[in-house]
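Reviewing the structure listed below.
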Amino acid sequence: MTATSARPGTTSARATRSAVAERRRPRLPFSLWHLLLTPLALVFAVPLVWLVLSSVMSNAEINRFPPALWPSGIDLGGYRYVLGNAMFPRWFVNSLIVSAVTVAANLVLGSLAGYAFARMRFAGSRVLMGLMLATMAVPFQLTMIPTFLVMKKLGLIDTLGALIVPSLVTPFAVFLLRQFFLSLPRELEEAAWIDGCSRLRVLWRIVLPLSRPALATVAVLTFLTTWNDLTWPLIAINHDTQYTLQLGLTTFQGQHHTQWAAVMAGNVITVLPVLLAFLGAQKTFIQSITSSGLKG
C-alpha cells in the first residue's frame, strides 16, 4: 500500500523537476532550422546581389579580369542605354499583355476545369485527368514543332496571340485548383444547392472566395513562367515590334560586342515585377501548397 502510494508522488516530483529545468533552460529567439536556412538563403541571394551591383558598373569594369566584386562608382550608363532604347517600352508592354492575359485565362479556365474534376463525376473523368497530368511529363521540345504548325495554320505566328493561345490553360493550374477544391467541405455547396443556386453560381459565390490562396498561387506561378519565357517567343516571333522583354534583351548581345552593363540593367528591370509578385503572394503561396496536398 505504501509503495503504491509513493509512485504518484515520485512521478509528480520528477515532473516538477523537469518543468523547473525546462524553465531554466535558455530559449533561443529563433528556430534551430534558421542556422541552416540563413546561410542557404545568403548563397541563393548572391546572384541577385551580383546582378544589381553589375548593373551600376561600366562595361570596362564588368569585362575586367579578375572581375570586380564591388563597383568603384555608380555608373548608370547601362540604365540610360536600356531606357533610351525606343523599343524597350514596347517590349515591356508586350510582356505585360501576354502575362496578364495568360494569368486571367488560367484563373478562369483552370477554375472551371478544376471544379469539374473535383465535384462532377462523368464518364472517363479519371482517365481524362490522368492523361492531362501525363502531359506535364512531356518536355516542351517534343511539342514545339506541332505547336508552331498549329499556330501557323491559325495565322498567329509573329503576333502576341502565338504567345498567349498555347498557354491559355495549363495542366498544373487545373491540378492545383482541383486539389484545393477537394479540401473544401461539401456542406457549404450542398446548402447553396438547396437554396436553388446553380453550379456556376456556387463556384462564383462560395468556392472561389474560399480559394484565394490557390488562385494567388496559380496567378504567381503562371506570371513567372510567362514573363520569363524565352524559348517559345524566340521561335514564334520575328519582328522586333512583337518582342517580349526577354527576347528584346538578347538584342543587346552581339557576335563581336556585348553591352554587358545594358544587359545587367535590363535584367534588373525585368526581375523587379517578378520579385514584387512573389513577395506579395508569398503567404498565400505557402498556404495553398500546405492545404492542397502538395506537401513534401
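Derived scalar couplings between HN and Hα for segment 229-243 equal 5, 10, 4, 5, x, 5, 8, 8, 10, 10, 8, 5, 5, 9, 5 Hz in order, rounded to whole Hz, by the Karplus curve 6.51 cos²θ - 1.76 cosθ + 1.60 (θ = phi - 60°), x for Gly and Pro. Rg over Rh for segment 79-136 works out to 1.33, using Cα positions for both radii and the Kirkwood form for Rh.
Per residue, the convex hull spanned by the Cα atoms of segment 39-120 measures out at 149 cubic angstrom.
With r as the distance between the Cβ atoms of Lys283 and Leu182 and R0 = 22 Å, compute the FRET efficiency 1/(1 + (r/R0)^6) and round to 0.05.
Once the sixth-power term is evaluated, E becomes 0.50.
For Asn85, no residue has an amide H sitting under 5 Å from its own, ignoring neighbours fewer than 5 places away on the same chain, with H placed 1.01 Å from N.
Note on Val127 and Leu109: the extension gain reaches 4.5 nm, defined as 0.36 nm multiplied by sequence separation minus the Cα-Cα distance. The portion of the accessible surface of segment 178-288 made up by carbon and sulfur, rounded to a whole percent, is 60 (1.4 Å probe; DNA, RNA and ligands excluded).
Per residue, how much accessible surface does segment 19-166 expose to a 1.4 Å probe? Answer in Å², no decimals.
That works out to 67 Å² for each residue.
Based on Cα contacts under 8 Å between residues 6+ apart, segment 34-134 shows a relative contact order of 15 percent.
Ordered by 1.4 Å accessible area with all protein chains kept, Phe180, Phe223, Phe278 run largest first as Phe278, Phe223, Phe180. Working note: Karplus 6.51/-1.76/1.60 with θ = phi - 60° gives segment 83-94 the couplings 6, x, 6, 5, 8, 4, x, 5, 5, 5, 5, 4 Hz, where Gly and Pro are set to x. For Tyr243, no residue 5 or more places off, or on another chain, has a built amide H under 5 Å of its own.
Does segment 193-278 come out rounded, prolate or oblate by the C-alpha gyration tensor, with a ≥ b ≥ c the root eigenvalues, rounded set by a/c under 1.5 and, if not, prolate when a/b is larger than b/c and oblate if not? Because a/c hits 1.5 or more and a/b exceeds b/c, segment 193-278 counts as prolate.
The accessible surface of segment 24-170, taken with every protein chain in place and a 1.4 Å probe, is 75 percent carbon and sulfur. Database remark: amide H of Thr258 closer than 5 angstrom to no amide H (H placed geometrically; neighbours at sequence offset of 5 or more, or on other chains; Pro and chain starts carry no H).
Compute the length gained on full extension between His34 and Leu234: take 0.36 nm times their separation in residues and subtract their Cα-Cα distance, giving the result in nm to one decimal. Result for the pair: 67.9 nm of gain on full extension.
Backbone geometry of segment 118-128 corresponds, through the Karplus equation with coefficients 6.51, -1.76 and 1.60 at θ = phi - 60°, to 3J(HN,Hα) couplings of 7, 10, 9, 10, 9, 4, x, 5, 5, 5, 5 Hz, x marking Gly and Pro.
The values are calculated or read from the model by the stated rules, or taken from the named source; none is laboratory data. Small disclaimer: the values here were computed from a predicted structure and weren't measured. In this analysis, Cβ positions are derived from the backbone assuming ideal geometry, glycine residues included, and neighbour counts consider all displayed protein chains. Calculation scope for accessible area: heavy atoms of the full protein, side chains included, ligands and nucleic acids excluded. Shrake-Rupley method; radii C 1.70, N 1.55, O 1.52, S 1.80 Å.
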